[in-house]
Each structure stands twice: as structure tokens, then as C-alpha cells.
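Structure first, commentary second.
The values are calculated or read from the model by the stated rules, or taken from the named source; none is laboratory data. Just so we're clear, the structure is a prediction, and the values are computed from it rather than from any experiment. The accessibility values were calculated without ligands, DNA or RNA, using every heavy atom of the protein model including side chains. Shrake-Rupley method; radii C 1.70, N 1.55, O 1.52, S 1.80 Å.
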Amino acid sequence: MAHIVATRPLIEGGLSGLRDTHTVTVCDPPNGSARSVDELIALTEGADVLLSILADPVEAELFEARPRLNMVAQYAAGVDNIDLEAAEAHDVAVTHTPGVLTDATADLAWALLLAVARHVPAADEYVREGQFERWETTLMLGVGLAEKTMGIVGLGRIGRAVARRALGFGMDVVYHNRTPANPTLERQASAQYLPLDNLLRTSDVVSLHCPHNADSHHLIDADALAAMKPSALLVNTARGPVVDEAALAEALADGEIAGAGLDVFEEEPDVHPRVLEQDRVVLSPHLGSATARARMRMARMCETSIAAFLDGNDSVPHRLV
């Protein structure tokens, strides 16, 4: 019987298939807290498997302190919080949950975009505060998206899902990757490749769907924001550090871009105070995968990967290391 430690509660029933045959410990930190490596080490005493989330610093110190730990099952598609080289060096298997949050995240990207483009939060507040007394011809005029250009940075699963939705809104789609996508994928998304500077200069909406790594850290910095149209909108449902948040706050305050929709933040869960001051920003607390269906499928993927690993199967689903 293995000991499995989950660092956060999962959706109800998410680990039910493991509880009959293994010991499952589910931890729940105080609201607003992010665990340190030392706290993670304390939680994993006696653990064989760690079920982690993006906020957990799964680093070499953990593997060194807990030699019994032989698997990390990440409850997310991204793994930038995990030192994969250290995991491999310590013979620790790592799995993740790709693919199942594609539509949920694409939907949220569009929810943020539409909320910014059509002043939805301000309009809701306006009605609730009793200010709606009559229909006005110039009240809260927003941005129509038909015949505009959607620029997608990262034409992976989520980027392509966002592109398909953009086509339904009558938008043209351009994209940027480190290397151009397979022509078949380009055709499926009806997307044209552009260098990043061209994409920033010509897009009416820039939607970020790239992983966070050394190459993409602060990819959207002061220079990138200055290159965008003053009427452009930025949407980030990828990773917070892809955007230089201080530079974004400055660009919004100076009118260099027209607005932003953010689901992720550079120092999550903290948000740059000057971003909070901007009324043309819509914020959500990292809800990209937050549908019941997506979260349950993520839990089931973790469960399946853990069971296969503990059973000694040669092939472990969604294994990275």
C-alpha cells in the first residue's frame, strides 16, 4: 500500500479509485498561502507519491530530503514549477494532465476578451448601483470584434481552440510560435504565421497561450506593449511571468494599449497594485481549467497515471520523466 499526498483538495470523488488500495492524504493550506519547499518537505514525510499543483515548488531539495518519494503527479498541464532535471536525476517519475483543459481555457480566454471589449464588469456594476435610468446612445461604447485581427502567441491545443472561436466571430487569425506550426494545423485554425513584432503591430487582440520558460519570460515587456496598437487588447490565460506586469500597468496607465484580461499573474496570487487600479482590466483568479468536467478529467488522469505507476506498468500515461 502506497502513501499518496495531495497538496490541495480535488473535486469531490476525484481520487476515489485510489482510496480503496492506498493511503491518500489530502492537505488544505490556509487561504492565500503558497507553500515553500520546506513546507512541501514536511507534508511529504512517508509519501511515495506527491499530487502537486502549479503553485508547489517541486525542486531538488524535496527529492533529496524525501528519497522514498518516487512519483510526482501534476494536477495541471504545465510543469514549470517542477525541476524535471532533478526529478530525472533522482529517478522520480513525473506526469501531468495535458489536453483536457483545452476548451475550458479557450472559453475563459474569450470570456475575458468579451468582458474587456464590451465593458461587462462596469456595466454590471452600473446596473446594480441603480445608475441605469434610460438607454443612452453613447453609454459604454465597446469594441466590435468582427473583421478585426486575433493574434495568438502559441498555436498549441488551446491556441488553436481560441483561433476556432475567433473564426466564429468573423476575425482574421495570425499566430506566432518559436517555429511555424505544421501546415495542417495552420489550415485547421485558418491561421497565418507572423514574426512576433509583426503580430504585435497588426493585431487588435493579442492572446497568450505559450508555456513559461527562459525564452518566454517577460515575452510581453515594455517594448512589446509599445509595439501594439493603442486600441489593442491583451489576454493572458497562459502563465503570469510571460507578461512583465509592471510594464503592463504602465502601458495601461499611459494608454499604450486599450485593455487587458488576465487569468494569471506574475507573482500569483499577488497582483501588481497598479494593474488593480486600471478600470480597463478584467481579472480572474486562475480559472482557466475551472469547469467541473475539466477538473474531474484532470483528477481522473492523475488517478490513472498514479495507479499505472504503482502497479509497475511499463507505460505510464502522460509521463514526462
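If I compute solvent accessible area with a 1.4 Å probe over the protein chains, what percent of it on the chain is carbon and sulfur?
On the way: 7660 of 15400 Å².
In the chain, the share of accessible area belonging to carbon and sulfur is 50 percent.
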- prompt: If you build a Gaussian network model of the chain, linking Cα atoms that sit under 10 Å apart, which residue out of E267, E277, E125 swings the most?
  reply: E125
- request: Please tell me the relative contact order of the range 1-51 in percent, rounded to the nearest whole number, where contacts are Cα pairs under 8 Å and at least six residues apart.
  value: 57
- request: Among A246, A117, A76, determine the one that fluctuates most according to a GNM of the chain built with springs between C-alpha atoms less than 10 Å apart.
  value: A246
field: 5 angstrom amide H check on Y175, placed H, neighbours 5+ away
entry: I152, Q192, Y193, L194
message: Using the Karplus curve 6.51 cos²θ - 1.76 cosθ + 1.60 with θ = phi - 60°, what ³J(HN,Hα) values do you get for each residue of the range 240-253, in whole Hz, with x for Gly and Pro?
response: x, x, 5, 10, 6, 5, 5, 5, 5, 4, 5, 5, 5, 5
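Could you do me a favour and compute the accessible area per residue for the range 31-160, 1.4 Å probe, result in Å²? All intermediate terms of the calculation are to be shown ahead of the outcome.
Details: 6340 Å² over 130 residues.
Result: 49 Å² per residue.
Counting only heavy atoms of the protein chains, get the accessible area per residue of the range 203-302 (1.4 Å probe) and round it to a whole Å² value.
Numbers: 4090 Å² over 100 residues.
With the other protein chains kept in place, the range 203-302 gives 41 Å² per residue.
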message: Per residue of the range 298-309, what does 6.51 cos²θ - 1.76 cosθ + 1.60 with θ = phi - 60° give for ³J(HN,Hα)? Whole Hz please, x for Gly and Pro, Karplus curve as stated.
response: 4, 4, 5, 5, 4, 4, 5, 5, 5, 4, 5, 5
- prompt: Can you give the relative contact order of the range 171-321 as a percent, counting alpha carbon pairs under 8 Å and 6+ residues apart?
  reply: 16
query: Do you know the relative contact order of the chain, to the nearest whole percent, from alpha carbon pairs under 8 angstrom that are 6+ apart?
result: 18
